[in-house]
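Okay, so here's the structure we're looking at.
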Amino acid sequence: MITIGSILKETRKKQHLTQKEVSQDICAQSMLSAIETNKYMPNAQLLIHLCQKLSIDLDQISLLKNFDISSETQFNNRVDRLCNQHCYNELLQFLNEKSIIDDLKTDKQLQAYYYYVGVASLHTETNTANAEKAIKLSLASGKNSLQGTLSRLGTISLAFIYAKHHLKTTTQTYIDQTFENFANLFYEENQNILFYLTSLIYFELADYTTSLNWIDKTITFATEHNSHYMLANSFYLMAQIAKKSEDDDKLLEATQNQKLLTNLFSEKIYKNI
């Protein structure tokens, strides 16, 4: 099994460096030894420093799939609630609590943890650097990089970050990776987010025709799987696309559908588009 520890150890040895040389000014040699033998899970800042010291690109470290950041159910439920209610400042504060960090035991939990840190950072910080680092760390826990839904949520999140910087080629690359072999996945409701974020990405790039096409796909995908998750948000985004396109009829229809679904299912609408 490929782990963060084994990657650090293999890279260090290829560069003919000792643990003492790599850990200097970063951490204790004993801590690096514990990381390399997978006895200690490094936090984000420590892993970034070690990767920089060894010239490891975080994009080269792949990922695993999981959504639980803890063995404690109440922790996971709280993360879900804060995400669904778009309480990102509170979510980031919660994730930075020492008790949460200390409870991370597995690569799967680490991937989920850094994904949520990235999402919270993206929504609370003007600069996207911390969000990008966290998402890349989320994509740094295993071998099979595109097999799970959480993995694809990471790649589409990177696509959104690059879209905000108008890096269209890089954005498209990550969109393509997100949906590679997508038909082979078993359905999970979180997959609705992949379609929604793709529409939002094209909205960010002011490509309203493609954005509308993807929001139609979002609604079709959700309804075909008997899911209402993200439908209210999808119709809200459709209304914003219609407004930009000056399509008053579609704007009215989408707004009515959004309000209906919000009342029916109490889905919190994310309006900071």
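The values are calculated or read from the model by the stated rules, or taken from the named source; none is laboratory data. Small disclaimer: the values here were computed from a predicted structure and weren't measured. Here the Cβ is made from the backbone with ideal geometry for all residues, glycine too, and neighbour counts use every protein chain on show. These accessible areas exclude ligands, DNA and RNA; they are computed on the full protein's heavy atoms, side chains included. Shrake-Rupley method; radii C 1.70, N 1.55, O 1.52, S 1.80 Å.
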**Fill in**
Once Lys and Arg are counted +1 and Asp and Glu -1 for all other residues with Cβ under 10 Å from that of HIS225, the total becomes -3
**Prompt:** When the solvent-accessible surface of protein heavy atoms is calculated with a 1.4 angstrom probe, in what order do ASP247, ASP25, ASP102 fall, highest first?
**Reply:** ASP25, ASP102, ASP247
**Message:** Let me see the P(r) profile for the range 158-273: every Cα-Cα distance counted, bins of 10 Å, each bin given as a percent of all pairs.
**Reply:** 15, 45, 33, 8
**Request:** Multiply the residue gap between THR18 and GLN256 by 0.36 nm, knock off their C-alpha separation, and tell me the result in nm, one decimal place.
**Result:** 79.3 nm
**Item:** Å² per residue, accessible surface of the range 76-147 at 1.4 Å
**Value:** 45 Å²
**the chain - mean residue ellipticity at 222 nm from DSSP helices (-39,500 (n - 2.57) per run, n ≥ 4, rounded to 500)** = -20000 deg cm²/dmol
**Message:** Restricting to DSSP loop positions (anything but H, G, I, E, B) with no more than 14 other Cβ atoms inside 10 Å of their own Cβ, which chymotrypsin sites (Phe, Trp or Tyr not before Pro) remain in the range 149-190?
**Reply:** PHE186, TYR187
**Fill in**
Rounded to the nearest 10 Å², the 1.4 Å probe accessible area of HIS123 is 60 Å²
**Message:** Pairs of alpha-carbon atoms within less than 8 angstrom and 6+ residues apart define the contacts here; what relative contact order does the chain have, in percent?
**Reply:** 14 percent
**Complete:** Expressed as a percent, the accessible surface of the chain that is carbon or sulfur, using a 1.4 Å probe and the full set of protein chains, is 48 percent
**Fill in**
Once normalised by the length of the range 188-246, the mean sequence separation of its alpha carbon contacts under 8 Å that are 6 or more apart gives a contact order in percent of 37 percent
**Prompt:** So which of LYS217/LYS250; LYS9/LYS98; LYS217/LYS259; LYS14/LYS136 end up more than 18 Å apart, counting from Cα to Cα?
**Reply:** LYS9/LYS98; LYS217/LYS259; LYS14/LYS136
**Request:** Quote the convex hull volume per residue of the range 73-211, based on C-alpha atoms, as a whole number of Å³.
**Result:** 117 Å³
**Item:** From phi via Karplus (6.51, -1.76, 1.60), per-residue ³J(HN,Hα) for the range 257-267 in Hz, x at Gly/Pro
**Value:** 5, 4, 5, 4, 5, 4, 5, 6, 10, 6, 6
**Prompt:** In the range 210-273, how does Rg compare with the Kirkwood Rh, expressed as the Rg/Rh ratio over alpha carbon atoms?
**Reply:** 0.95
**Asked** Can you work out ³J(HN,Hα) from phi for every residue in the range 177-186, in order, using Karplus 6.51 cos²θ - 1.76 cosθ + 1.60 and θ = phi - 60°, giving whole Hz and x for Gly and Pro?
**Response** 5, 4, 9, 5, 6, 5, 5, 7, 7, 6
**Item:** Loop-located trypsin sites (Lys or Arg not before Pro) in the range 187-273, at most 16 other Cβ atoms within 10 Å (DSSP)
**Value:** LYS268, LYS271
**Prompt:** When the gyration tensor of the chain is built from Cα positions, what are the square roots of 5 times its three eigenvalues, in whole Å, from largest to smallest?
**Reply:** 37, 19, 16
